[in-house]
Ligand SMILES: Nc1ncnc2c1ncn2[C@@H]1O[C@H](COP(=O)(O)OP(=O)(O)OP(=O)(O)O)[C@@H](O)[C@H]1O
Ligand SMILES: [Mg+2]
């Protein structure tokens, strides 16, 4: 099987998730794995240490996001590709695997378009349009380089950075990046490993949802998980057989996710 694994930034704050890397090593002889990582909190920490206070903006829908000006885009790229992706590659090497890290700019893997304007709610509660900065949506995925790496037994690690038409680094959402890569690679599954055991509704983890059921639950879901469920739906609509949201901290997290053990599965049936 071909599996794309999104490693949540929530699992990368103090190094890398050991049990998950161990499981990648166990699954690699039989399966092709591609890792996509997050790490927004680590970016904020480093930006602050570099004296670049991060600004967060809130959309009229109440969604809070990093305002990525040019300096922030550079710091975002540095931390994601220079620090976090390499931490994963080094850990994969320790586990006997050949990791290779890439951003969306490498091999034109993820090409995006800058958002021209962002509508935000200002301090006085008024809606205002501001320059979109360096965030964007992926418009094209070129999976060819990943295919080459997978065919040679490498484990690709993809950072959530896209290249804009003008050659700038764009901050893209890690969950959606994983969904896009999974669809572009015609993966069998995408696994979202995070710091909770799946999508919780009314106090318990939901075992299975169709994409339509998942979309109908979105208003009841809190922010980080809402983005993940949206990305899961996008992946399945893009042809990926199933999307699984699971804990990345327990033992054998990926093997258990593939067995649908205590997690949330989003699939057509
Ligand atoms: N209904 C819900 N069920 C489960 N988790 C929820 C729900 N609503 C909100 N959440 C929150 O979503 C969080 C997971 O998303 P979050 O974006 O914080 O992590 P991540 O995606 O692993 O990290 P990153 O975004 O940095 O890659 C959980 O820790 C939880 O607090
Ligand atoms: Mg998240």
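Among the residues making up region 179-210, those that are over 12 Å from residue 244 (Cα atoms) and part of a helix (DSSP H, G or I) are 180, 181, 182, 183, 184. Of all residues in region 9-25, those being over 14 Å from residue 250 (Cβ atoms) and away from ligand 2 (no atom under 16 Å from the Cβ) number 5. What number of residues within region 211-228 are outside any helix (DSSP H, G or I) and under 16 Å from residue 59 (Cα atoms)? So the count comes out to 1. For residue 68, the conditions (1) free of Cβ contacts under 8 Å to residues at least 24 places away in the same chain; (2) in a loop (DSSP other than H, G, I, E, B) all hold with the exception of (1). When region 78-98 is filtered for residues that are within 20 Å of residue 110 (Cα to Cα) and surrounded by fewer than 18 Cβ atoms within 10 Å (Cβ to Cβ), the ones remaining, listed by number, are 78, 82, 83, 86. Within region 204-236, the only residue that satisfies the criterion of being within 26 Å of residue 20 (Cα to Cα), more than 9 Å from ligand 1 (Cβ to nearest atom) and free of Cβ contacts under 8 Å to residues at least 12 places away in the same chain is 204.
Looking only at region 197-213, how many residues end up being away from ligand 2 (no atom under 16 Å from the Cβ) and at negative phi?
Quick first cut of region 197-213, residues away from ligand 2 (no atom under 16 Å from the Cβ) only: 201-213.
When the remaining residues are screened for being at negative phi, the result is 201, 204-213.
Matching residues across region 197-213 total 11.
Please tell me if residue 158 is away from ligand 2 (no atom under 14 Å from the Cβ), in contact with a strand residue (DSSP E or B) (Cβ under 7 Å, 6 or more places away or on another chain) and in contact (Cβ under 8 Å) with a residue 40 or more places away in the chain. Can you show your working first?
Working: away from ligand 2 (no atom under 14 Å from the Cβ): yes; in contact with a strand residue (DSSP E or B) (Cβ under 7 Å, 6 or more places away or on another chain): yes; in contact (Cβ under 8 Å) with a residue 40 or more places away in the chain: yes.
Criteria met by residue 158.
Just one residue in the set 235, 257, 269 is within 16 Å of ligand 2 (Cβ to nearest atom) and either in a loop (DSSP other than H, G, I, E, B) or buried (at least 24 other Cβ atoms within 10 Å of the Cβ) (or both); that residue is 235. Just one of (1) free of Cβ contacts under 8 Å to residues at least 60 places away in the same chain; (2) within 9 Å of ligand 1 (Cβ to nearest atom); (3) outside any strand (DSSP E or B) trips up residue 245, so point out which. With (1) free of Cβ contacts under 8 Å to residues at least 60 places away in the same chain; (2) within 9 Å of ligand 1 (Cβ to nearest atom); (3) outside any strand (DSSP E or B) applied to residue 245, the lone miss is (3). Set side by side, the residues 11, 20, 111 differ, and just one is surrounded by 15 or more Cβ atoms within 10 Å (Cβ to Cβ) and out of contact with any helix residue (DSSP H, G or I) (no Cβ under 9 Å at 6 or more places or on another chain), which is 111.
Of these, 30, 6, which one is touching a residue at least 60 places away in the same chain (Cβ under 8 Å) and either more than 19 Å from the chain's Cα centre (by Cα) or within 13 Å of ligand 1 (Cβ to nearest atom) (or both)?
Numbers: 30 fails: touching a residue at least 60 places away in the same chain (Cβ under 8 Å).
Step by step, each of 30, 6 is checked, and only 6 is touching a residue at least 60 places away in the same chain (Cβ under 8 Å) and either more than 19 Å from the chain's Cα centre (by Cα) or within 13 Å of ligand 1 (Cβ to nearest atom) (or both).
Residue count for region 26-42, restricted to those that are within 13 Å of ligand 2 (Cβ to nearest atom) and crowded, with 24+ Cβ neighbours inside 10 Å: 4. All conditions in (1) over 23 Å from residue 13 (Cβ atoms); (2) in contact with a strand residue (DSSP E or B) (Cβ under 8 Å, 6 or more places away or on another chain); (3) away from ligand 2 (no atom under 16 Å from the Cβ) hold for residue 152, with the sole exception of (2).
If you go through region 181-196 and keep only what is within 16 Å of ligand 2 (Cβ to nearest atom) and surrounded by fewer than 22 Cβ atoms within 10 Å (Cβ to Cβ), you end up with 195, 196.
Out of the residues in region 216-232 meeting the condition of being touching a strand residue (DSSP E or B) at 6+ places or on another chain (Cβ under 9 Å) and within 25 Å of residue 139 (Cβ to Cβ), tell me which one is nearest to ligand 2 (Cβ to nearest atom). By that ranking, first place goes to 224.
Where a number appears in this text, it was derived from the coordinates with a stated rule and is not lab data. Quick caveat, the model's predicted, so the values are computed rather than measured. With ideal geometry, Cβ positions are generated from the backbone for all residues, glycine too; neighbour counts draw on all protein chains shown.
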